[in-house]
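Derivation of every value follows stated rules applied to the coordinates shown; laboratory data play no part. Because the structure is predicted, anything quoted here is derived from the model rather than measured. Cβ coordinates were reconstructed from backbone atoms using ideal geometry, including for glycine residues, and neighbour counts include every protein chain displayed.
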Amino acid sequence: MFKRKQNADPSVLTDMMKKQQRYEALVRALHADIYRYAYWLIGNKAIAEDVVQETFLRAWKSLDSLNDEKAAKSWLITILRRENARRFERKQFDLVDIDDVHVEDSAATLEQTYMQEEVQRHMANLELEYREPLMLQIIFGYSGEEIAEQLSLNKNTVNTRLFRARSQLKDALEKPAVRGQMNG
Amino acid sequence: MDELEFRRRVYANPDDTSHDIGSAAKSDPNKQQFLSETRALNEQLKTAANIPVPDNLADKLIWQSALRDHAQQKQRARWHIAMAASVAFAVGLTFALWTPSKIDLGHAALAHMDHAEIEMQFAASPVSLELVNAKLESMGAELTQHIGNVYVANYCQLDNYKALHLIVDTEQGPVSLFVMPHEADATLPYRFSDDRYVGKGFSTQRASVMLVGDKDSDLHAISGKVRESLI
């Protein structure tokens, strides 16, 4: 019994180190996409960052429940969505205006930047039910099946929503009377 | 593949590289154009979605887990310290409450020894075992056998306890035996002394006992007898 106890300590330490390494790898690989997804879900950079922190804190606490690294992405997205939902349970938030996001790309011309902001504005204005599957596809490269699984939706529903999301965006980007000219 | 189905599938996933999408596009310039346009739009969306991530977000996320672990460990340590402090406090309090009364009961016995000397002067003949036991009865105790000549058997008050004070003649000289009810156990001193007397306390089956003898006397023999005889 004593022997086992003596052996236990180093292995606990190793477990802790392994957990830390695993967590770090997870953060490095996925934090950017998770943050972007949070932003497009929430529409506010500061809140998105808070929710991402909460998400990774939860992930850290329950890292042992993640058995397969391949499932990490969808696991984190699930936690993030839950954390975001909790935000509304805790407190009824005022509707948050989507921030103006400036893509810091010095090489981009003014026109390109302007165009990009247009696209962002329209993406942000999509209904959540369209925006969310679209972002899963764009940010994470999810297939229709994967999105359906992640959002607990029927695959046909997902495809319909993706279809509508793009068609709405296309319409919105083509329509604007003044700015639309630039699409020419 | 008809036009509508084609558009649905391309809109649902512009990056769909399925063979049937490809061949449908090849065979129809309109479809090809739609596919190209939609893919271009999709690239635009991807670029637009690719918003900048806050500096050091990854480090922050890694730090927060480390900090949390540290905080938990600290909390655990704090908990232990709190426990240790509580125990230390309880021990200290016990000593503070206990020790003085221990001293008091021993002191009370020692103080009573002054009376004992006076009482001894009036003691003419030994008190019978029957009389001693009659008095011990009120303490719930009993002497089963002779422990030596008892010259004095008087009730007295030691600290908060009623005691029967016996003065027993021994080889070491007169020894005072204070018999008290068991309630006195909690504050019974194990050994006590002053410049004239030494004393020891112990507990028997039904009573608490203190023996007090002259400074140089050995209480070993009489305490053995008392242990054997007093129940």
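Do any of B:Lys200/B:Lys225; B:Lys135/B:Lys225; A:Lys70/B:Lys26; A:Lys70/B:Lys31; A:Lys170/B:Lys31; B:Lys162/B:Lys200 go past 24 Å between their Cα atoms, and which?
Over 24 Å Cα-Cα: A:Lys70/B:Lys26; A:Lys70/B:Lys31.
Considering the dipole of the range A:110-183 built from charges on the beta carbon (Lys and Arg +1, Asp and Glu -1) around the Cα centre, which of A:Ile139, A:Gln168, A:Thr113 is farthest to its positive end?
A:Gln168
A:Tyr142's amide H: which non-local residues (gap 5+, or another chain) put their own amide H closer than 5 Å, with H modeled 1.01 Å from N in plane and none for Pro or chain starts?
Residues meeting the amide H criterion: A:Gln137.
Calculate for chain B the 222 nm mean residue ellipticity that helices alone would give, adding -39,500 (n - 2.57) per DSSP H run of length 4 or more and normalising by residue count, nearest 500 deg cm²/dmol.
The per-residue figure over chain B is -18500 deg cm²/dmol.
Apply the Karplus curve 6.51 cos²θ - 1.76 cosθ + 1.60, θ = phi - 60°, to the phi angles in the range A:53-69 and return the couplings in whole Hz, x for Gly and Pro.
Once rounded to whole Hz, the list reads 4, 4, 4, 6, 5, 4, 4, 4, 5, 10, 4, 5, 7, 8, 8, 10, 4.
Using 7 Å Cα-to-Cβ label points, what is the B:Glu183/A:Gln20 separation (nm, one decimal)?
6.1
In nanometres, what is the gap between the two model label sites at B:Trp63 and B:Gln32, each 7 Å from Cα along Cα-to-Cβ?
My value for the distance between the label points is 5.5 nm.
Just to confirm my numbers, what's the Cα centroid distance between the range B:3-41 and the range A:110-174 in Å?
Using only Cα atoms, the two centres lie 17 Å from each other.
Using a basic spin-label model with each label point 7 Å from the Cα along Cα→Cβ, how many nm lie between B:Asn50 and B:Ile118?
Using points 7 Å along Cα→Cβ, the separation is 10.8 nm.
Expressed as a rounded percentage, what relative contact order does the range A:110-183 have, with Cα pairs under 8 Å and six or more residues apart?
It rounds to 31 percent for the range A:110-183.
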